[in-house]
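To start, the structure under review is shown below, and the notes come after it.
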Amino acid sequence: MKRIVIATDGSPDAAVAVAQGLELAAALQGRVTFVYARTTVADDISRSRAVIADAMGRATIARVDADYEIRDGSPGEAVVTVADSHDADLIVVGSRGLGAVQGVLFGSVSRWLVTHCDRPVLVVKVPKAADVTASDAARSPVG
Amino acid sequence: MSRTSYAAVWTGGGEPLVGSIVLGPTSLILEGKGPGRELLERIRYDEITSLSVDRSRSGRLAGRASLVLEHGKRLVRLATPETGVLPELYERLSEATQ
């Protein structure tokens with residue numbers, strides 16, 4: 001049984017990552033663990049729960065077994081910790097999250113994961129809206 | 001109707017989490033909060049490879065005997081604050097995993 005860890009922060013890119021990850025899980029008859037990292041005080045509990053509830057709802061619709069973990073701290077480290085604890089087969093992450101400014105300064109979460117994680121990482125890119133719809137998002141497998 | 005939800009403390013190796021466990025139709029559902037994290041985890045009954053009760057001093061969780069589940073490469077240890085519930089949980093999980 002394949003285990004896919006999907007990082008989400010409620011951003012548009014993460015929404016596409018959630019959709020792609022669930023699609024893969026359904027095709028592989030795998031299961032999914034969603035990870036949300038609370039990075040700041042402003043990143044409040046109710047928001048994290050709402051984002052996770054939305055993702056869990058999408059998993060239910062996709063008929064994919066899913067669970068989740070919300071962790072305080074660095075998104076990259078949170079994802080790697082959860083992926084390791086579940087011995088995940090794949091990590092799915094959007095190419096940009098809500099921390100786009102942080103990404104410029106410190107390197108994006110997706111870049112961090114590709115650099116620091118030993119597991120396969122699928123970075124989901126969201127093409128420009130004018131080109132294709134989100135459901136046609138290109139996928140860039142790495143690792 | 002059998003009870004399906006229990007208050008619980010549990011750990012998969014890190015800091016113990018406090019929450020509840022639910023005996024679902026096909027899996028055990030663990031939901032809890034701990035320092036800096038909260039999570040929900042499903043453990044399918046058909047993936048539980050061993051089940052035991054640890055009453056040793058070192059095996060206690062929050063001062064109580066614990067139920068130890070092995071699935072895949074992981075060990076999950078859980079305890080319930082409710083007196084007398086652990087044997088019931090052991091029995092029901094044993095049935096579910098057969």
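The values are calculated or read from the model by the stated rules, or taken from the named source; none is laboratory data. As the structure is a computational prediction, the values presented were derived from the model and not from experiment. Cβ: placed from backbone, ideal geometry, glycine included. Neighbour counts: every protein chain shown.
Of all residues in the range A:24-54, which are among the hydrophobic types (A, V, I, L, M, F, W, C), under 13 Å from B:LEU40 (Cα atoms) and assigned to a helix (DSSP H, G or I)? Within the range A:24-54, A:ILE52, A:ALA53 qualify. Applying the condition of being surrounded by 15 or more Cβ atoms within 10 Å (Cβ to Cβ) and of a type in the set (Lys, Arg) to the range B:24-44 and asking which residue is farthest from the chain's Cα centre (by Cα) yields B:ARG37. Taking the criterion of being closer than 23 Å to A:THR39 by Cα and away from chain A (no Cβ under 11 Å), the residues of the range B:1-18 that qualify are B:GLU15, B:PRO16, B:VAL18.
Every condition in (1) assigned to a strand (DSSP E or B); (2) more than 10 Å from chain A (Cβ to nearest Cβ); (3) closer than 26 Å to A:VAL32 by Cβ is met by B:GLU41 except one, and the failing one is (2).
Set side by side, the residues A:ASP44, A:ASP84, A:ASP89 differ, and just one is surrounded by fewer than 23 Cβ atoms within 10 Å (Cβ to Cβ), more than 13 Å from the chain's Cα centre (by Cα), more than 10 Å from chain B (Cβ to nearest Cβ) and at pLDDT 95 or above, which is A:ASP89.
Being within 13 Å of another protein chain (Cβ to nearest Cβ) and within 26 Å of A:MET56 (Cα to Cα) is a property that B:LEU23 lacks. Within the range A:70-78, does at least one residue satisfy the condition of being away from chain B (no Cβ under 12 Å) and either at pLDDT 90 or above or more than 15 Å from the chain's Cα centre (by Cα) (or both)? So far as the range A:70-78 goes, yes, one or more of its residues are away from chain B (no Cβ under 12 Å) and either at pLDDT 90 or above or more than 15 Å from the chain's Cα centre (by Cα) (or both).
Conditions (1) touching a Leu at 6+ places or on another chain (Cβ under 7 Å); (2) not β-branched (Val, Ile, Thr), marked per residue:
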position: B:THR4; (1), (2): yes, no
position: B:ALA7; (1), (2): no, yes
position: B:TRP10; (1), (2): yes, yes
position: B:VAL18; (1), (2): no, no
position: B:ILE21; (1), (2): yes, no
position: B:PRO35; (1), (2): no, yes
position: B:GLU41; (1), (2): yes, yes
position: B:THR49; (1), (2): no, no
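Within the option set B:LYS33, B:LYS73, being modelled with pLDDT under 90 and basic (Lys, Arg) holds for one residue only, B:LYS73. Residue check: is B:SER52 small (Gly, Ala, Ser), closer than 25 Å to A:ILE70 by Cβ and at pLDDT 95 or above? Considered against the rule, which asks whether it is small (Gly, Ala, Ser), closer than 25 Å to A:ILE70 by Cβ and at pLDDT 95 or above, B:SER52 comes out as no. Scanning the range B:71-98 for residues being closer than 19 Å to B:PRO25 by Cα and under 13 Å from the mean Cα position of the chain (by Cα) gives a total of 8.
Look at (1) surrounded by 16 or more Cβ atoms within 10 Å (Cβ to Cβ); (2) closer than 25 Å to B:ARG44 by Cα; (3) within 13 Å of chain B (Cβ to nearest Cβ); (4) over 10 Å from the mean Cα position of the chain (by Cα) and you find that A:TYR36 fails only one, number (4).
Of all the numbered requirements in (1) touching a Leu at 6+ places or on another chain (Cβ under 6 Å); (2) more than 18 Å from B:GLY19 (Cβ to Cβ), B:ARG77 misses one, and that requirement is (2).
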